[in-house]
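Presented below is the structure to which this report refers.
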Amino acid sequence: MKFKKIIAAVSAIALTFSAVSGCFPAFTSQKHTVRAMAEEFDLSDAARLISLAEEEKTAKETLTTDDGWNYYNESGQAVINGYSGTLTELVVPEEIDGLTVIAIANQAFKGNTKIKSIDLGSVKKIGYQAFSGCTALKEITIPKTVTEAGSSYYEDRGSLDGSSVETVTFEKGIAKIPNYVCYGASSVKNVILPEKEDTLDGYAIGDDAFRGTSLSSVTIPESVTAINDRAFMDCALLTELTVPDNVTLIGNEAFSGCKRLKNIHIGASVSGIGYRALKDCVSISGIDLANTKKIGYQAFSGCTALKEIT
């Protein structure tokens, strides 16, 4: 009987943590939480951990300000998880009830068809599908403060996945284009990447950042130093691309599945191209890799029109 109670306790903890983890954006380590608990769990601590989990769940109860912002308390900081006011042009506040606003939660504004514009202030994290179903929202600026966007918890999903956003501007001074930020956002047609005054202080385009978008062209500024794994994968409408000279690395599957990509210029500083980087780019007929020192396996697999490589 005692063993059954312990098993029940562990199950309750797992369910509680699972429910709690779904609220907050972009914690890639969450999917290992229950596994780690199972490996390290001290059965004598069951009651204490259940109590802590219940306290955490209570702390994340949604509160609503007088002007319509829905939020919860995350360790003494505010996470926005919706808006129930009447405004159509929103500015995310720096503070709510004395708490610094640090993030936009998963699916925070899902189904809000009234929002026409939103200033994200200085948030650090944006959850997956944060603007899903926001049919009136066509443009958005990602602040330079954002370091995490979307989520790889259970499955990869982007912050703009499911939205109607067509143009995404990244604020000047951003340290990295966040992983997953536009992943799966098929409505995204235009991306404006910032140039830095000092190109030596460059930035990378993160994993899956623009995967599955509707970009037909994109200007990659000289400030970009790396194009990470799957950054432009499955951009089926992308027709041409210039990788600037400051880029040193093109990641795994970076342009895989870009079936209309005909012209691609590889900069002089690219020393490595990842595996399957141009897989199934069936429209490319020639490419110059004269300065490249390392080419991953199956880099050109499925490139049926490729007739010449330098």
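The values are calculated or read from the model by the stated rules, or taken from the named source; none is laboratory data. Bear in mind the structure is a predicted one, so any value in this text is a computation, not a measurement. Neighbour counts are summed over all protein chains in view; Cβ atoms, including those assigned to glycine, are modelled from backbone coordinates with ideal geometry. Just so you know, the surface numbers come from the protein's heavy atoms only, side chains and all, with ligands and any DNA or RNA stripped out. Shrake-Rupley method; radii C 1.70, N 1.55, O 1.52, S 1.80 Å.
Listed values, structure above:
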quantity	calculated
Charge tally in the Cβ shell below 11 Å around ALA204, where Lys, Arg are +1 and Asp, Glu are -1, ALA204 excluded	-1
Protection-proxy order for peptides 72-81, 261-270, 99-108, each taking the mean of Cβ atoms within 10 Å per residue, highest first	99-108, 72-81, 261-270
FRET efficiency for THR304 and ASP245, using Cβ-Cβ distance with R0 set to 25 Å, rounded to 0.05	0.30
Distance violations [Cα-Cα > 27 Å] among LYS259/LYS293; LYS196/LYS279; LYS60/LYS196	LYS196/LYS279; LYS60/LYS196
Ranked order, TYR203, TYR83 - accessible area, probe 1.4 Å, largest first	TYR83, TYR203
Virtual spin-label span in nm between THR141 and TYR297, 7 Å along Cα→Cβ	4.7 nm
Mean Cβ count within 10 Å, highest first, over the residues of peptides 295-302, 172-179	172-179, 295-302
Pairwise FRET efficiency - SER75 versus LYS189, Cβ, R0 = 25 Å, nearest 0.05	0.10
Antiparallel DSSP beta bridges within segment 75-182, as percent of all bridges there, nearest 5	20 percent
Fraction of antiparallel bridges per DSSP, segment 161-310 only, in percent to nearest 5	0 percent
Inter-probe distance in nm under a simple model that places probes 7 Å from Cα toward Cβ, at LYS172 and GLU61	4.7 nm
